[in-house]
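Student: Have a look at this one.
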Amino acid sequence: MTFPPKIQARDVSVFYGDTRAIDHVSIDVAQDNVVAFIGPSGCGKSTFLRTLNRMNDTVASARVDGQILLDGEDIYAPDMDVVQLRARVGMVFQKPNPFPKSIYENVAYGPRIHGLAAARADLDEMVERSLRRAGLWDEVKDRLDDSGTALSGGQQQRLCIARAIAVDPEVILMDEPCSALDPIATAKIEELIHELKGRYAIVIVTHNMQQAARVSQQTAFFHLGQLVEFAPTSDIFTNPREERTRDYITGRYG
Amino acid sequence: MSALGLLFTVAGLALIGWLVARMRAATFRRPRVARFSALPAHHGWFVGICTLAPPLIFLAVWSATAPALVTDAVLATPAAAMLPPPGFERASILSEARELGAGRSQGAFHDLAEKLAPAYARAQHRYDTIATAAALLLAFAGGALAFTRVRPDFAARTQVERGVMLMLLVASLIAILTTVGIVASLIYESVRFFRLVPAGEFLFGTHWSPQVVDSRDPGASLGALPLFWGTFFIGAVIAMAVAVPLGLMSAIYLTQYARPVTRRWMKPTLEMLAGVPTVVYGYFAALTVAPAVRELGVAIGIRWASSESALAAGLVMGIMIIPFVSSMADDSIAAVPAAMRDGSLAMGATTSETIRKVMLPAALPGVVGGILLAVSRAIGETMIVVMAASGVATLTLNPFASTTTVTKQIVDLLTGEAEFTSAKTLAAFALGLTLFAVTLALNVVALVVVKRYRESYE
């Protein structure tokens, strides 16, 4: 039995002013999969990721053509509520960006904005559950009032993941979440991605091909704004169909 | 030789030194020795500086000490024995004699001054001659000594560099020393004041009427508390009630909402407010705002609405301060990393929620610092209150009542005829010192706050 895909992108093009950054990309993200976007710098993979929760709206010159459906609903439709969309499609950034607030307040930020907790006890529970899922609870449970910016880089990134999952999103977008972290912190995040898989659809942009191979079930290879190949991860890395994919994963360029 | 002539002569000598040394150094090039450390111009500058600097330093020191030496010489003459004991009269006779001696005035009020005038003229002439000779000698000596060092292997370039460094150091020291001097004179005069009036009575006394100071108990009518309150009320309460919300909101609009095109013309226009001369704000306050405020007060049933109300001065001062608050807030909001903003937006927060819950808390220290600087400027502001605020000191919470400020009172105390030694005049210095202490403290606190905040993001 197959479910319809969580996200369906159809013929998506993105322009910055007159420059085309993404060229007619179509891709499906399944409900319980981790999809990795790989490709050389400037290939548009982050740009494409940011169209999935309309973060490109914050760039004044950006324009998106084509259609992106979330559960069959066009997210660029005029009556789409961006606030609701972003609550359903969470995001983790390249550089950990906890707010200069306490650990507790960082995680409670989303539930507070969206009015998810009726009472303080509910909020406490949400914060604890999110921190547990992000694998951070044991490390911070005794210092929830400390500033989130005082944590180590890896802890900050897991705090950002906890913050994202606190509003119970359906999709989590990760934009090179480990590029600012050391190998140990990276391993922890990858482990976390494994645990989160199934509960959320996850899209991760990464420069690190081993990482893509380790965490994802499907991989999309982008080059110069085009989607070159999108296939199960094992196929991409062992038996790519496209010449350009083969060249990239064997390290011939990029 | 006149002072101006002397300066020109010394400068001329320096110019000659520069030219000669340059020409001399130019001849070094001919044999084409390896490489010179200095170009001919550097040798020229070296000799020029060595010619100019010693006499200038000497003349600067001399001009500070010579008048005392001249006076000493005059006092040593027999005629000076008839001078009255030290005091106001003695000082005025001496100054008259000096003017006569220098040929700057025709007749004298005191006979004794006429007698002392020739002595003054002689002494002045003698010391002037000494100074001229010494200055020229120093110029020659400096120039000659420097010229003997002009050799191919002499690193004149490094020496000139050192001279430049010293000159720049002196330039910056002058500003610092001036500040120190001003503070010292403030403190000195204030100490004299506090000998007449106890500090406690001045700082906490509630009655201020310097027009009728009882010389036996000057403190009774020099209680400055109403002035401090008025200053605080106008500058820190009313003005800030206008400037903080407006400045902050315009900064938020400009940084977060305005399109680049809008921002490009709106920001400079807003900052133009800072370029309006304060005297223009002053008559705007006195002629336009004050009557309107009075009418408003009457209309809402306040019988004693003054036409020199605290509200009028404060409102206009607030308008004046808006660009300060907005540009400080603008800077600190812009300094919050874009990642914070994106993080919040990606959580589904709207722009205004992001600003309220993430951007402003993160920018708060910078904003607070900006507000403190604005307060410090507002309470030191003079022109608006001189023109629009009242001269009557009242302790009141009513913004429609007349209120006065420290700066306004300083102006009132020092304009018009007043003896320099009376408690009334000296009170101006004590007020100035208090104001200075408060604004200095505000500035220091503001800078510390801003600095600590900057460090947290770098």
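The values are calculated or read from the model by the stated rules, or taken from the named source; none is laboratory data. Quick caveat, the model's predicted, so the values are computed rather than measured. Ideal geometry is used to build each Cβ from the backbone, glycine not excepted, and the neighbour counts take in all protein chains shown. Heavy atoms of the whole protein, side chains included, go into the accessibility calculation; ligands, DNA and RNA do not. Shrake-Rupley method; radii C 1.70, N 1.55, O 1.52, S 1.80 Å.
Student: Once amide H atoms are placed 1.01 Å from N in the peptide plane, what residues at a sequence separation of 5 or more from residue A:37, or on another chain, have their amide H within under 5 Å of its amide H?
Tutor: Amide H neighbours of residue A:37, under 5 Å, 5+ apart: A:204, A:205, A:206, A:220.
Student: Sum -39500 (n - 2.57) across every DSSP H segment of at least 4 residues in chain B, then divide by the residue count to get the 222 nm mean residue ellipticity, nearest 500.
Tutor: Only helices count here, giving -23500 deg cm²/dmol.
Student: Also, I was wondering about something else. Under 18 Å from the Cα of residue B:408, which lysines turn up, not counting those fewer than eight places away in the same chain?
Tutor: Within the straight-line cut-off, residue B:408 pairs with B:424.
Student: So which residues of segment A:99-117 lose at least 50 Å² of accessible area, probe 1.4 Å, when you go from the chain by itself to every protein chain present?
Tutor: A:99, A:100, A:109, A:113
Student: For A:86, A:132, A:252, what's the largest-to-smallest order of accessible area, 1.4 Å probe?
Tutor: Working: A:86 20, A:132 125, A:252 170 Å².
From most accessible down to least: A:252, A:132, A:86.
Student: Starting from the Cα of residue B:171, step 7 Å along the direction of its Cβ; do the same at residue B:60; then give the gap between the two resulting points in nm.
Tutor: Label at residue B:171, label at residue B:60, 1.4 nm between them.
Student: Next question. Mind checking the per residue accessible area of segment B:147-200 for me, 1.4 Å probe, whole number of Å²?
Tutor: Details: 3780 Å² over 54 residues.
Averaged over the residues of segment B:147-200, the accessible area is 70 Å².
Student: Something else now. Report, as a whole number in µm² per second, the diffusion coefficient that Stokes-Einstein gives for segment B:324-458 at 10 °C and 1.306 mPa s using the Kirkwood radius over alpha carbon pairs.
Tutor: 89 µm²/s
Student: Let me ask something additional. Rg/Rh for chain B: what does it come to with C-alpha atoms and Rh from Kirkwood? Before the final figure, lay out the partial values.
Tutor: Numbers: Rg = 31.2 Å, Rh = 28.0 Å.
With Rh from the inverse mean 1/r over Cα pairs, Rg/Rh is 1.11.
Student: Between residue A:210 and residue B:287, what is the FRET efficiency for a Förster distance of 56 Å, r being their Cβ-Cβ separation, to the nearest 0.05? Show your work: numbers first, answer last.
Tutor: Details: r = 76 Å, r/R0 = 1.36.
Between residue A:210 and residue B:287 the formula returns 0.15.
Student: Any idea how far apart residue B:447 and residue B:307 come out in nm if each label point goes 7 Å out from Cα toward Cβ?
Tutor: 4.4 nm
Student: Please provide three numbers in whole Å: the alpha-carbon extents of the protein assembly as shown along the principal axes, with the largest listed first.
Tutor: 126, 95, 48
Student: Can I ask one more? Among B:28, B:316, B:449, pick out the residue whose Cα is farthest towards the positive end of the charge dipole of the protein assembly as shown, where Lys and Arg carry +1 and Asp and Glu carry -1 on C-beta, about the Cα centre.
Tutor: Sorting the options by dipole projection puts first B:28.
Student: If you don't mind, there's one more thing I want to ask. Once the dipole of the protein assembly as shown is set up with Lys and Arg at +1 and Asp and Glu at -1 on Cβ about the Cα centre, which of A:119, B:4, A:7 lies farthest towards its positive end?
Tutor: About the Cα centre, the residue reaching furthest to the positive side is B:4.
Student: Let me ask something additional. Ranked from the most accessible area to the least, with a 1.4 Å probe and all protein chains present, what is the order of A:95, A:101?
Tutor: The most accessible residue leads, giving A:95, A:101.
Student: I've got another one for you. Evaluate segment B:218-453: find the radius of gyration of its Cα atoms, find its Kirkwood radius, and give the ratio Rg to Rh.
Tutor: 1.05
Student: Calculate one ³J(HN,Hα) per residue across segment B:48-54 by plugging θ = phi - 60° into the Karplus curve 6.51 cos²θ - 1.76 cosθ + 1.60, and present them in order as whole Hz with x for glycine and proline.
Tutor: Karplus-based 3J(HN,Hα) across segment B:48-54 equals x, 5, 5, 6, 7, 5, x Hz.
Student: Angle, helix B:260-272 long axis vs. longest principal axis of chain B, Cα atoms, 0 to 90°, nearest 10?
Tutor: 60 degrees
Student: What are the ³J(HN,Hα) values, in whole Hz, obtained from phi via the Karplus relation 6.51 cos²θ - 1.76 cosθ + 1.60 with θ = phi - 60°, for each residue of segment B:359-364 in sequence order, with x given for Gly and Pro?
Tutor: Computed from phi, the couplings for segment B:359-364 are 5, 5, x, 6, 8, 3 Hz.
Student: Can you work out the Karplus-derived ³J(HN,Hα) for every residue in segment A:18-34? Use 6.51 cos²θ - 1.76 cosθ + 1.60 with θ = phi - 60°, whole Hz, and x for glycine or proline.
Tutor: 9, 8, 8, 9, 10, 10, 6, 9, 10, 7, 10, 10, 7, 4, 10, 10, 10
Student: Report the charge-dipole magnitude of chain B in Debye, nearest 20, computed about the Cα centre from +1 at each Lys and Arg Cβ and -1 at each Asp and Glu Cβ.
Tutor: About 2140 debye.
Student: Can you give the accessible area of residue A:168, probe radius 1.4 Å, in Å² rounded to 10?
Tutor: Accessible area of residue A:168: about 100 Å².
Student: Within the protein assembly as shown, what whole-number % of the accessible surface is contributed by carbon and sulfur, with the 1.4 Å probe and all protein chains included in the calculation?
Tutor: Heavy-atom surface of the protein assembly as shown belonging to carbon and sulfur, 1.4 Å probe: 62 percent.
Student: So what is the relative contact order of segment B:3-154, in percent, for Cα pairs below 8 Å that sit 6 or more residues apart?
Tutor: 36 percent
Student: What is the magnitude of the charge dipole of segment B:262-392 about its Cα centre, with +1 placed on the Cβ of each Lys and Arg, -1 on the Cβ of each Asp and Glu, and no other charges, expressed in debye to the nearest 20?
Tutor: Charge dipole of segment B:262-392: 160 debye, to the nearest 20.
Student: Another question, if that's okay. Kindly tabulate the residues in segment B:341-368 with an accessible-area decrease of at least 50 Å² between the chain alone and the assembly of all protein chains, using a probe of 1.4 Å.
Tutor: The answer is B:342, B:345, B:346, B:347, B:348, B:357 - residues whose exposure falls by at least 50 Å² when every protein chain is included.
Student: If you wrap segment A:1-130's Cα atoms in a convex hull and average its projection over all directions, what's the area in nm²?
Tutor: Approximately 10.4 nm², given one-decimal rounding.
Student: Mean separation of Cα pairs under 8 Å and 6+ residues apart, divided by the residue count of chain B: what relative contact order is that in percent? Spell out each step's value before the answer.
Tutor: Working: 598 pairs, mean separation 70.9, N = 458.
Relative contact order comes out at 15 percent.
Student: Next up: Normalise the Cα radius of gyration of chain A by 2.2 N^0.38 Å (N = residues in it) and let me know the number.
Tutor: Normalised Cα radius of gyration, chain A: 1.01.
Student: Among the listed pairs A:95/A:188; A:95/A:141; A:45/B:357; A:141/A:197; A:45/A:101, which are separated by more than 19 Å between their Cα atoms?
Tutor: Table pairs above 19 Å Cα-Cα are A:95/A:141; A:45/B:357; A:141/A:197; A:45/A:101.
Student: Taking H placed 1.01 Å from N in the peptide plane, check which residues at least 5 places from residue B:390 or on another chain put their amide H under 5 Å from its amide H.
Tutor: Placed amide hydrogens put B:403 under 5 Å from residue B:390.
Student: For segment B:34-91, with every protein chain kept in place, what is the accessible area per residue (1.4 Å probe, Å²)?
Tutor: Ligands and nucleic acids excluded, the result is 57 Å² per residue.
Student: Give me the summed buried accessible area for the A-B pair, 1.4 Å probe, to the nearest 100 Å².
Tutor: Numbers: alone 11700 and 25070 Å², together 35220 Å².
Summing both chains' loss of accessible area gives about 1500 Å².
Student: Sticking with this one: Counting Lys +1, Arg +1, Asp -1, Glu -1, what net charge surrounds residue B:221 among other residues with beta carbon under 15 Å of its beta carbon? Can you show the working numbers first?
Tutor: Working: positive: B:216, B:424; negative: B:201, B:214, B:217, B:412.
Charge balance near residue B:221 sits at -2.
Student: Give me the dipole magnitude in Debye, nearest 20, for the protein assembly as shown about the Cα centre, with unit charges on the beta carbon: positive for Lys and Arg, negative for Asp and Glu.
Tutor: Here the protein assembly as shown has a charge dipole of around 2480 debye.
Student: Per 0.36 nm of contour for each residue apart, how much would the distance between residue B:220 and residue B:352 grow if the chain were fully extended, relative to their Cα-Cα spacing? Intermediate results must be reported in sequence, preceding the final value.
Tutor: On the way: separation 132, 0.36 × 132 = 47.52 nm, distance 5.44 nm.
Gain on extension, residue B:220 to residue B:352, equals 42.1 nm.
Student: What is the helix-to-structure angle for B:156-196, meaning the angle in degrees between its Cα long axis and the longest Cα principal axis of chain B, kept from 0 to 90 and rounded to the nearest 10?
Tutor: 60 degrees
Student: Debye sum, Cα scatterers, segment B:1-122, no solvent: what log₁₀ I/I(0) at q = 0.11, 0.14, 0.19 1/Å?
Tutor: These q points yield log10 I(q)/I(0) values of -0.58, -0.72, -0.98.
Student: Just to confirm, what accessible area per residue do you get for segment A:1-122 at 1.4 Å probe, in whole Å²?
Tutor: Solvent-accessible surface per residue comes out at 42 Å².
Student: Would you mind checking which residues have amide H under 5 Å from residue A:228's amide H? H placed 1.01 Å from N; only 5 or more apart, or other chain.
Tutor: A:221, A:222, A:223
Student: Pull out a ≥ b ≥ c, the square roots of the eigenvalues of the alpha-carbon gyration tensor of segment B:148-260, then state rounded if a/c is under 1.5, prolate if not and a/b is larger than b/c, and oblate in the remaining case.
Tutor: Verdict is oblate for segment B:148-260.
Student: Quick one: accessible surface of residue A:105, probe radius 1.4 Å, all protein chains present, in square angstrom to the nearest 10.
Tutor: Accessible area, nearest 10 Å²: 60 Å².
Student: While we're here: Could you give the angle, 0 to 90 degrees to the nearest 10, between helix A:120-133's Cα long axis and the longest principal axis of the Cα atoms of chain A?
Tutor: 50 degrees
Student: Among B:118, B:94, B:148, which residue has its Cα furthest toward the positive end of the charge dipole of segment B:3-154, with +1 on Lys/Arg Cβ and -1 on Asp/Glu Cβ?
Tutor: Sorting the options by dipole projection puts first B:148.
Student: Next up: Can you pull the accessible area of residue B:424 for me, 1.4 Å probe, Å² to the nearest 10?
Tutor: For residue B:424, solvent-accessible area is about 60 Å².
Student: Say each of residue B:106 and residue B:262 gets a label point 7 Å from the Cα, pointing the same way as Cα to Cβ; how far apart are those two points in nm?
Tutor: 7.2 nm
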